[in-house]
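Visitor: Provided herewith is a single structure, encoded as structure tokens, for subsequent inquiry.
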Amino acid sequence: MGMKIAVVGATGNVGREMLEVLHERAFPADEVVAIASRRSQGTEVSFGDRTLKVQALENYDFSGTDICLMSAGGVVSKEWSPKIARAGAVVIDNSSAWRTDPDVPLIVPEVNADAVEGFSKKNIIANPNCSTAQLVVALKPLHDRAKIKRVVVATYQSVSGAGKEGMDELFNQTKAVYVADPIEPKKFQKRIAFNVIPHIDVFMEDGSTKEEWKMVAETKKILDPKIKLVATCVRVPVFVGHSEAINVEFEDEISPEEARDILREAPGCLVVDNPAEATYVTPYECAGEDATYISRIRSDPTVDNGLSLWVVADNLRKGAALNAVQIAELLMNRGLIGKKKAA
Ligand SMILES: NC(=O)c1ccc[n+]([C@@H]2O[C@H](COP(=O)([O-])OP(=O)(O)OC[C@H]3O[C@@H](n4cnc5c(N)ncnc54)[C@H](OP(=O)(O)O)[C@@H]3O)[C@@H](O)[C@H]2O)c1
């Protein structure tokens, strides 16, 4: 028998993509329910060829729901995920609310699938930050081969990472530039049209931003606590697709050719890297795609055993919706949903 899936935040950037991915991958659900805030109650969202009427979170009864894909922000998740989990659904949450909770597994299926077994402590599983997801997919196979000591990463993050308001702001500001209308930043700290902003989420006491801290903490939790990582996270005027310039220092020697061969075979990775023909991937080309694309693999001669890479992925897919649906598939394929029900 198929399952009952609820998507909370179904009218948002990630929620809409979740519905798309569930449909595309023919997830075996008997019923898919779209849920958002009271503002959206009664509106419609697409699910394949059908439309679903949006229901309001506060009025919805989650008993009988097997999996809840949650993408309505941290505040909503803090309040609602435990309630939904108590009603019996496994919550797969996209916000940062639960990622560092030791009783909540933080999962990227290509990297740490086995950790999913710990979900039953709270009945909640966390999805990582979009920038972390694509980073660890690319690093894991290289770490297995040559052990990573240190990572230096600069991100180039698209506005869709800041929700639908972020996309609207880039669109409206870009139009305003052409007609010489005044520009007033609302969602972003500064003008985003024809600009870049080295500031995502709030500043921490040590001068880094919370987005940068998340990449450090989440990489350690998912991949290896011994890896040292420093990040600079930058918002760029791109609608969809996050890019990352990454420098990696390994314990063991590894050549660019070997790294390319390893990544070609690695789950979730696609290597597009031919300097002779100037072949590499940009975020525009990866929008709507599932893979984590890796280009510009080369030696970093400034350290022993160093490599530099360029990694690009669709932040709404691998960075959010696809990863969440892959976690749901993992639960199902390992019989963990059935086990919980039988217990
Ligand atoms: N975008 C990304 O690349 C990305 C990646 C990883 C994780 N995430 C995380 O995923 C979450 C959603 O992001 P997004 O980009 O989809 O944001 P978004 O486009 O702004 O959508 C937010 C969604 O949350 C719903 N919502 C807001 N308040 C609610 C409430 N009180 N009760 C029920 N639903 C409520 C909204 O419903 P209404 O339309 O009714 O307001 C909407 O469906 C965030 O936690 C974000 O950090 C995003």
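Each reported figure results from applying straightforward, stated rules to the coordinates on display, with no laboratory input. Since the structure is predicted, the reported quantities are computational estimates derived from the model, not experimental observations. Glycine gets a Cβ as well: all are built from the backbone with ideal geometry, and neighbour counts include every protein chain shown.
Visitor: For ASP304 paired with GLU24, estimate the spin-label separation in nm (one decimal), with each label point 7 Å from Cα along the Cα-to-Cβ line.
Guide: Result: 4.4 nm between the two label points.
Visitor: Next question, about the same structure. Amide H to amide H under 5 Å from VAL271: which residues, 5+ apart in sequence or cross-chain, H placed 1.01 Å off N in plane?
Guide: ILE294
Visitor: Only counting other Cβ atoms within 10 Å, I'd like THR11, THR302, THR43 sorted with the fewest neighbours first.
Guide: By the 10 Å Cβ count, ascending, the order reads THR302, THR43, THR11.
Visitor: Also, quick follow-up: Could you grab the relative contact order for the stretch 33-164? Cα pairs under 8 Å, six or more apart, rounded to a whole percent.
Guide: Details: 194 pairs, mean separation 21.1, N = 132.
Once divided by the residue count of the stretch 33-164, the mean separation gives 16 percent.
Visitor: Note down the relative contact order for the stretch 199-269 as a percent, whole number, built from C-alpha pairs under 8 angstrom at least six residues apart.
Guide: Numbers: 36 pairs, mean separation 15.6, N = 71.
Computed value for the stretch 199-269: 22 percent relative contact order.
Visitor: Under 5 Å between amide hydrogens, which residues at least 5 positions from THR232 or on another chain qualify, with H placed 1.01 Å from N in the peptide plane?
Guide: Counting only residues 5 or more places away or on other chains, the set is VAL153, ALA154, THR155.
Visitor: For the stretch 42-49, what does the Karplus curve 6.51 cos²θ - 1.76 cosθ + 1.60, with θ = phi - 60°, yield as ³J(HN,Hα) per residue in whole Hz, taken in order and with x for Gly and Pro?
Guide: x, 6, 10, 10, 7, 9, x, 7
Visitor: Of TYR60, TYR178, TYR156, which has the largest mean-square fluctuation in a 10 Å C-alpha GNM of the chain?
Guide: So, out of TYR60, TYR178, TYR156, the one fluctuating most is TYR178.
Visitor: Please work out the C-alpha center-to-center distance from the stretch 223-251 to the stretch 105-152 and express it in whole Å.
Guide: When both Cα centres are located, 14 Å separates them.
Visitor: Bins of 20 Å, beginning at zero and ending with the bin holding the largest distance: percent of Cα pairs per bin for the chain, please.
Guide: Taking every Cα pair in the chain, the percentages come to 31, 57, 12, 0.
Visitor: Sequence neighbours fewer than 8 away in the same chain don't count; with that in mind, list the lysines whose C-alpha is under 27 Å from LYS190.
Guide: Leaving aside lysines fewer than 8 places away in the same chain, those within reach of LYS190 are LYS164, LYS175, LYS210, LYS214.
Visitor: Which of the chymotrypsin sites (Phe, Trp or Tyr not before Pro) found in the stretch 195-277 are loop residues per DSSP with 16 or fewer other Cβ atoms within 10 Å of their Cβ?
Guide: Working: sites: PHE203, TRP213, PHE239, PHE250; in loops: PHE239.
Filter output for the stretch 195-277: PHE239.
Visitor: Once you put a point 7 Å from the Cα of GLU258 and another 7 Å from the Cα of GLN189, both along the Cβ direction, what distance in nm separates them?
Guide: Roughly 4.1 nm, to one decimal.
Visitor: Could you derive backbone 3J(HN,Hα) for the stretch 184-191 from the dihedral phi with the Karplus parameters 6.51, -1.76 and 1.60 (θ = phi - 60°), listing whole Hz in sequence and x where the residue is Gly or Pro?
Guide: Using θ = phi - 60°, the values come out as 10, x, 10, 6, 9, 5, 9, 4 Hz.
Visitor: Using DSSP loop states and a limit of at most 16 other Cβ atoms within 10 Å to flag GluC sites (Glu not before Pro), what is the longest stretch of the chain containing no flagged site? Mind dumping the intermediate values first?
Guide: On the way: sites that count: GLU205, GLU251, GLU253.
The answer is 1-204.
Visitor: Using only alpha carbon pairs under 8 Å that are at least six residues apart, calculate the relative contact order of the chain and give it in whole percent. Don't skip to the answer; put the middle values down first.
Guide: Numbers: 768 pairs, mean separation 59.6, N = 343.
This gives 17 percent for the chain.
Visitor: Once you have a ≥ b ≥ c as the square roots of the Cα gyration tensor eigenvalues for the stretch 157-208, tell me rounded if a/c is under 1.5, and otherwise prolate or oblate according to whether a/b is larger than b/c. Working shown, then result.
Guide: Details: a/c = 2.70, a/b = 1.90, b/c = 1.42.
Prolate.
Visitor: Counting only residues 5 or more places away or on other chains, whose amide H sits under 5 Å from the amide H of ILE125 once H atoms are built in the peptide plane?
Guide: Residues meeting the criterion, in which the H sits 1.01 Å from N, are VAL91, ILE92, ASP93.
Visitor: OK, next. Please find the FRET efficiency linking ALA276 to ARG50, where r is the Cβ-Cβ separation and R0 is fixed at 35 Å, and quote it to the nearest 0.05. Can you show the working numbers first?
Guide: Details: r = 48 Å, r/R0 = 1.36.
The formula returns an efficiency of 0.15 here.
Visitor: Where Lys and Arg each count +1 and Asp and Glu each count -1, what net charge lies around THR65 among other residues with Cβ under 10 Å from its Cβ?
Guide: Details: positive: LYS4; negative: GLU31, ASP61, ASP66.
That sum, taken over residues with Cβ under 10 Å, equals -2.
Visitor: What ³J(HN,Hα) values, in whole Hz, does the Karplus curve 6.51 cos²θ - 1.76 cosθ + 1.60 give for the stretch 27-35 when θ = phi - 60°, with x put for Gly and Pro?
Guide: Karplus values, whole Hz, x for Gly and Pro: 4, x, 10, 6, 9, 10, 10, 9, 10.
Visitor: Take each complete run of DSSP H in the chain, measure how far its Cα atoms stretch along the helix's own axis, and keep only those covering 20 Å or more with mean Kyte-Doolittle hydropathy at least -0.5; list them. Each step should come with its number before you reach the end.
Guide: Values: long enough: 130-146 (25 Å, 0.35); 163-178 (24 Å, -0.85).
Once both thresholds are applied, what remains is 130-146.
Visitor: Let me ask something else. Cα to Cα, under 15 Å, and not fewer than 8 places away if on the same chain: which aspartates and glutamates meet these conditions relative to LYS78?
Guide: Candidates past the 8-residue exclusion: GLU58, ASP93, ASP101, ASP103.
Visitor: Taking the simple approach of a point 7 Å from Cα along Cα-to-Cβ for both VAL75 and TYR178, what is their distance in nm?
Guide: 3.5
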